[in-house]
Amino acid sequence: MIIPRHEGDPRDVYYLEPRIVKIIKGQSITWINHDTKVHKLTSGDGHSSLPTGFLQTDDILPGHLTTMNIDSNQLSIPYYCSIHPAERGLIAILPKDEGQMTTDERLEFLAAVSPTLFDRENQKILTRLQRQLDSSVVEYLSNPHAPLIQNKILTIVFWDISHFSILSEKLKRYPEMVAMFLNEYLTMAIPIIHEYGGVVDKFMGDGILAYFGFTEHSDDESNGAIDAIFAALKLKKSFQTVKRDWTDIWKSIINSDIDIDIKCGINTGNVMVGLTGSIERDQFSVIGTHVNLASRLEGIAQNDQIVISSYTLAKIKGKFDVETVRITGDEKIKSFENISKYHKVLGQRQEN
């Protein structure tokens, strides 16, 4: 087990590596502190900081390690750092060697352990309106003077999981595994989108539609474009942790590798945003040609690429390194045949 270096917001939930460690009862675990801070691990609920007494280490100094034998009848032991409660992990205690377990035994074990995979704060019951609309939209609609529909320059972002259809097919006997993965993925993604001022428009299976610049009080339209790319880069990095945890779980069930990534398309332009619908149902959404282009760009993206339009490139003020791709022949973007190039975001540009 590794306690990695963590320099983020101390209020953010942060998982130890690996997030889930699987052992057989009676085996030992060694934690190595690669951070610059002292850590002290204890079993229990990191959200409430209530220890359970199954595990308690002494202070683990930077660069030091500690080893503990785990001889518990529990199926799983959630634990956290008592000095930094947002840093958490989970010990899964197998009844026998994983290679000797049948598929049914693995599923039974996973079903027993799965409730501890999700943090309590993500299980709060929200009002119906809050569950259907992004919190920024709820706040916006609470203003009686706010226009219900308007034209506005926004940056539109589509995310999608590559090879998700293959994943669903391979796990068609275990739909609960797919649903649990999507729940964790979305639970990870939404706070990142909100962190950079984005509004979650809707979920589309494994896809997310969001837009940036709606809540900006500044007239500088570049802010939404820059924030969107920062969000896309952070979500791409965070997705790797979710992917690593779940690919291990899936492989233990179907004994087959599943390769997935998060891909993204981004475009900036004038769209219609607001409340539309019928007597029976309303929706607060973005509509227009620039929304469609963002969707097309997401379709072009491969694996974990972030693809942006030239409209977005013009707004980001050289803050990111990009690679320009020329479109030729049969590669033309459907319904946007006049567009001759797009751009792949490589990362944030480093200051000299």
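The values are calculated or read from the model by the stated rules, or taken from the named source; none is laboratory data. The structure displayed is predicted, hence computed values, not measured ones. Methodologically, a virtual Cβ is constructed for each residue, glycine included, from the backbone with ideal geometry; neighbour enumeration extends over all protein chains shown. Remember, those area values only see protein heavy atoms, side chains included, never the ligands or the DNA or RNA. Shrake-Rupley method; radii C 1.70, N 1.55, O 1.52, S 1.80 Å.
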What is the calculated FRET efficiency for THR52 to SER278, with r their C-beta to C-beta distance and R₀ = 30 Å, to the nearest 0.05? 0.05
Under the Kirkwood approximation for Rh and a Cα-based Rg, what ratio Rg/Rh is obtained for the range 127-261? 1.05
Summing Lys, Arg as +1 and Asp, Glu as -1, what charge do residues with Cβ under 15 Å from the Cβ of ARG244 carry, ARG244 excluded? -2
Inter-label distance, nm, simple model (7 Å from Cα along the C-beta direction), ASP330/MET188: 3.6 nm
Excluding ligands, DNA and RNA, the carbon-plus-sulfur percentage of the accessible area of the range 199-320 with a 1.4 Å probe reads 47 percent
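Please give the FRET efficiency for HIS145 paired with GLN348, using the beta carbon to beta carbon distance and R0 = 45 Å, rounded to the nearest 0.05. Present the calculation step by step, with values, prior to reporting the outcome.
Values: r = 38 Å, r/R0 = 0.85.
So, using R0 = 45 Å, E works out to roughly 0.75.
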Just add up the charged neighbours of GLN283: K/R +1, D/E -1, any other residue whose Cβ is under 13 Å from the Cβ of GLN283. -2
Cα-based Rg and Dmax for the range 228-352, where Dmax is the largest Cα-Cα distance (Å): 17.8, 57
Within the range 34-76, whose backbone N sits under 15 Å from a point 7 Å along Cα→Cβ of ILE23? 41-44, 53-58, 65-76
When Lys and Arg each count +1 and Asp and Glu each count -1, what net charge do the other residues less than 9 Å away from ILE93, Cβ to Cβ, add up to? +2
